[in-house]
1. Using mean Cβ contacts within 10 Å as the protection proxy, how do 72-79, 103-110 order, highest first?
2. Can you pull the one-decimal nm distance between simple spin-label points at residue 71 and residue 135, each 7 Å off the Cα toward Cβ?
3. List the equivalent ellipsoid semi-axes of region 86-141 in whole Å, largest first, each obtained as the square root of 5λ for an eigenvalue λ of the Cα gyration tensor.
4. What's the ranking of 56-66, 130-140 by average number of surrounding C-beta atoms within 10 Å, highest first?
Amino acid sequence: MSPQLFDPFILAEAQAAQREGQPLRPNPVMPGEPVSDAWIPHASTNVASEHCACLWKNSGNACRYIGDTRMVKRHIESKHLCIKRHVCELCSRPFAQKSNLDVHRQQVHQKDGNVFSCGYETCKLTFMDRATRLHHMEQVHGHVTDSS
């Protein structure tokens, strides 16, 4: 499926929204599978300037995200199609971008200094503080804290 023809009105409208500082608030409405061309029907491209605009409809209005084709593809896949290809091997949390997974690993699982392991043999999670670990153990494993 080929991209829609460039619509200068939509791109101009999106550029004006960005200049005015309007927030780009995507509304993920459907689950996505990693399908390489799923984003194309939701984009308008201008081959001459290599700009692309997201045409995803949020409450009847176009999303207004603009950028080069690569960035719009990533935007549509992650924000609208909810495709998350990068999964943490320690806690199975999915991420749309590898950089977000890397930050998650560093902040949650690889903190310098004291690292608090879950304590349950089958669980490999680690935490930056005891309180978060205890909350996890109670919520996930049904751990009961001895109050004596």
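1. On the way: 72-79: 21.1, 103-110: 14.0.
So the order, starting with the most tightly packed, is 72-79, 103-110.
2. Spacing of the two 7 Å Cα→Cβ label points: 3.4 nm.
3. Numbers: eigenvalues 81, 36, 16 Å².
Value: 20, 13, 9 Å, ordered largest first.
4. Numbers: 56-66: 16.8, 130-140: 13.9.
Listed from highest to lowest mean packing, they are 56-66, 130-140.
Values in this text are rule-based calculations from the coordinates and carry no lab data. Model, not experiment: these values are computed from the prediction. As a convention, Cβ positions derive from the backbone with ideal geometry for all residues, glycine included, and neighbour counts pool all protein chains shown.
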